[in-house]
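Reviewing the structure listed below.
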Amino acid sequence: MILEVAALTLAGTHFGVPLLYYYYLKSRYLNKPWSIKVDENYKPKVTVIVPTYMEAELIQGKLRNLYAQEYPKDLMEIIVIDSGSTDGTAELVEGWASKHKGVNLKLIREAERRGKAYALNHALKYAIGEVVVTADVDALWPNRALAEALKWFADPTVGAVSCLKKPIGSKIRGVEEDYRRYYNVLRVAESKAYATPIFHGELAVFRRSLLELLGGFPTDIGADDSHTATRIALLGYRAIVPEDLWVEEFVPNEGYFLWRARRAQHLIQHFVKTIKEARKHKVAKEFRKIIAVEFFLHVVNPWLLLTSILILVVSIVVFSLLFAAFVMILGLALLNLKHYRTWIAQQLFLIVAALRNLKSKEIAWSK
């Protein structure tokens, strides 16, 4: 009986905390108006940095996507920084630039690949924009995405802005979309509460002055976008994801599991580092809560579920407890429910990610 109670307590905590957090944020903040002064006519000089490695198939499409942005070309600079690609990525950039003379495009070649943050910091030395945008090659922006992101910077309290993502191009898109619905509500509600500690490299926008104050992007962890935004929020600025700023992200058909696990690795690294850094700052009360809960959800909570399952297995195998067997059968039966199945998959990604972090941080991975 003690084992069964322990297993149920752990499982109850595992499922209860994220549900309570979700409904607390959704009910209290999701429909709350933004306490930010937005100016649709705000047009600062902007530098868009596109880090590349072996992106021959996608790079010209991404450049066309940036070229189509409804933003003054004389206020927009594009820096493509290529980290030793051998598939002709840099040559394709040069070819595209030669046909689009009206675009302020710089190509920087790195001799070796040391990771995205190293490349971003290298490119930052050549940036002229007041605002710096990082952009992944495998994400497409709506034509007004850049203008929509920059309008928030008219308010001096805003230090960073990111986007919501729509997964495209995947056979398992349904699972990813289901996960994103829950995930996106949290990002927007956290932003309205004060700031969100999770950003997206597909479209992440930062005040250049704050990047320089921080010494650039962190090179010791993988989640350079999220950690930079969080550090900006720790300085007292807003780091937000608006509800109407969307991009489309290509989700891989092959290697999806490792793709998700690597992203989870980087988020775990980010929250472990953040929970330590937050102690050094006088953080807004709501943001302190957000950091604490997100740390719990990413670093601690998956292990509560695994421990609960192991206790139930021991109860069945060693002690032949019928109630434990019933709970296990119920848990397996619930996998027929899409939301439950999606949630369990995310916990598996986080557990695998934590174990992989013991071996490598996956800052620069093979493609």
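Conditions tested, residue by residue: (1) free of Cβ contacts under 8 Å to residues at least 40 places away in the same chain; (2) in contact with a Leu (Cβ under 7 Å, 6 or more places away or on another chain); (3) of a type in the set (Gly, Ala, Ser).
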site	(1), (2), (3)
264	no, yes, yes
271	no, no, no
292	yes, no, yes
306	no, no, no
323	no, no, no
328	yes, yes, no
336	yes, no, no
Is it true that residue 323 is modelled with pLDDT under 90, open to solvent by 60 Å² or more (accessible area, probe 1.4 Å) and closer than 17 Å to residue 9 by Cα?
yes
Only one of (1) over 17 Å from the mean Cα position of the chain (by Cα); (2) closer than 27 Å to residue 12 by Cα; (3) surrounded by 19 or more Cβ atoms within 10 Å (Cβ to Cβ) fails for residue 289. Which number is that?
(3)
Can you list residue pairs whose Cβ atoms sit under 9 Å apart, with the first residue in the stretch 123-138 being touching a residue at least 40 places away in the same chain (Cβ under 8 Å) and farther than 28 Å from residue 168 by Cα and the second being part of a loop (DSSP other than H, G, I, E, B) and among the small types (Gly, Ala, Ser)? Count only pairs 6 or more apart in sequence or on different chains.
124/216
Which of the residues belonging to the stretch 15-57 are under 22 Å from the mean Cα position of the chain (by Cα) and under 25 Å from residue 76 (Cβ atoms)?
46, 47, 48, 49, 50, 51, 52, 53, 55
Out of the residues in the stretch 244-262 that are open to solvent by 70 Å² or more (accessible area, probe 1.4 Å) and touching a residue at least 12 places away in the same chain (Cβ under 8 Å), which is farthest from residue 345 (Cα to Cα)?
244
Just to be sure, is residue 106 among the charged types (D, E, K, R) and at pLDDT 95 or above?
yes
Restricting the stretch 1-58 to residues that are polar (S, T, N, Q) and surrounded by fewer than 19 Cβ atoms within 10 Å (Cβ to Cβ), the one nearest to residue 134 (Cα to Cα) turns out to be 41
Condition first: at pLDDT 95 or above, closer than 30 Å to residue 2 by Cβ and out of contact with any Asp or Glu (no Cβ under 8 Å at 6 or more places or on another chain). Can you find one or more residues in the stretch 263-274 that meet it?
no
State which residue pairs qualify: first residue modelled with pLDDT of 95 or more and inside the stretch 196-225, second residue of a type in the set (Ser, Thr, Tyr) and surrounded by fewer than 19 Cβ atoms within 10 Å (Cβ to Cβ) in any location, beta carbons under 9 Å apart, and separation of 6 or more residues or different chains.
198/183
So, residue 102, is that one assigned to a helix (DSSP H, G or I) and either open to solvent by 20 Å² or more (accessible area, probe 1.4 Å) or more than 30 Å from residue 236 (Cβ to Cβ) (or both) or not?
no
Among the numbered conditions (1) surrounded by 21 or more Cβ atoms within 10 Å (Cβ to Cβ); (2) in contact with a Leu (Cβ under 8 Å, 6 or more places away or on another chain), tell me where residue 71 comes up short.
(1)
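The values are calculated or read from the model by the stated rules, or taken from the named source; none is laboratory data. Bear in mind that the values here come from a model prediction, so they are computed numbers and not experimental data. Neighbour counts are summed over all protein chains in view; Cβ atoms, including those assigned to glycine, are modelled from backbone coordinates with ideal geometry. These area figures cover heavy atoms from the full protein model, side chains too; ligands, DNA and RNA do not enter into them. Shrake-Rupley method; radii C 1.70, N 1.55, O 1.52, S 1.80 Å.
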